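The values are calculated or read from the model by the stated rules, or taken from the named source; none is laboratory data. Owing to the predicted nature of the structure, the values given are computational and were not obtained by experimental measurement. Neighbour counts are summed over all protein chains in view; Cβ atoms, including those assigned to glycine, are modelled from backbone coordinates with ideal geometry. To get the accessible areas, we keep the full protein, side chains included, count just its heavy atoms, and leave off ligands, DNA and RNA. Shrake-Rupley method; radii C 1.70, N 1.55, O 1.52, S 1.80 Å.
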Amino acid sequence: MTLRLGPGERARFGRGSARIPVELRLGDETVSRLAGEIHATDDHWQLSNLSNTHAYLVENPEGAGEYLRVPPRRIGAPIPFEFSRVVLPSRRETPLSFQVFAPDHVYLDPDAHGGSRESRTMTAYSLDETATYFLVLVALCEPWLRDRSPAAVPTTPQVVARLHGHPACARLTARAVSSHLDYLADEKLRIDLPDGDRADRRSGKREAVVGLALKFGIVREEHLALLPAPEPARTGR
């Protein structure tokens, strides 16, 4: 399930009921009927913890274990992470969680010098080159950048394998790569794909992301240095 929130919009989450509707339903008896609320602003999002007893964690999957603890009854806690995982306490063996992609963060054009915010030139595509989603994008573009000829766009399992040697990607999963791809296509690069079956859309999304990133120089040869060293080619006897 995917919810899209524009600036100023809110979504409530919890167990919900007929009398307490929520936009994101979490079916666990340890979760309050109305557990919390997400509020999207212009360039970040806020989390309200409406529980009287439980703290929530907001993890940064892009970083080295950074997280925020939002205490009970905290309203409008600002979350700085561009890509976050909200974790709620439960009796399950695996944590009860959901992901939040922040509104588009704004970055100045590197060639802009001084001046007011209104007078400065903003980048058309504001990507964080230290984020895992950017590593995924570089891995997708790598065959074209190295060979300079038409090549098949790497599949999701190939991207996982290619990034496995990177310290930030040791636990990267295929599902996480798909989430990063969706974030790149839908939020960062704002690619509009025609309707089709799921497999065609996934393949088309990868190709569209790579095509746009290469066309506008979002990913360049120097970005290949961000990837782990390629494994030496195996030769048979």
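Only one entry of Gly63, Gly76 meets the criterion of being modelled with pLDDT of 85 or more, within 26 Å of Asp186 (Cα to Cα) and not β-branched (Val, Ile, Thr), and that entry is Gly76. Only one of the numbered conditions (1) in contact with a Phe, Trp or Tyr (Cβ under 9 Å, 6 or more places away or on another chain); (2) open to solvent by less than 40 Å² (accessible area, probe 1.4 Å); (3) within 19 Å of Phe83 (Cα to Cα) is violated by Tyr56, and that is (1).
Scanning segment 148-166 for residues that are under 21 Å from Asn60 (Cα atoms) and either modelled with pLDDT under 90 or in a loop (DSSP other than H, G, I, E, B) (or both) yields His164, Gly165, His166. The number of residues in segment 6-41 that are in a loop (DSSP other than H, G, I, E, B), within 18 Å of Asp186 (Cβ to Cβ) and touching a residue at least 60 places away in the same chain (Cβ under 8 Å) comes to 1. Quick one: in segment 64-84, which of the residues that are within 19 Å of His166 (Cβ to Cβ) and touching a residue at least 24 places away in the same chain (Cβ under 8 Å) is most open to solvent (accessible area, probe 1.4 Å)? It comes out as Ala64.
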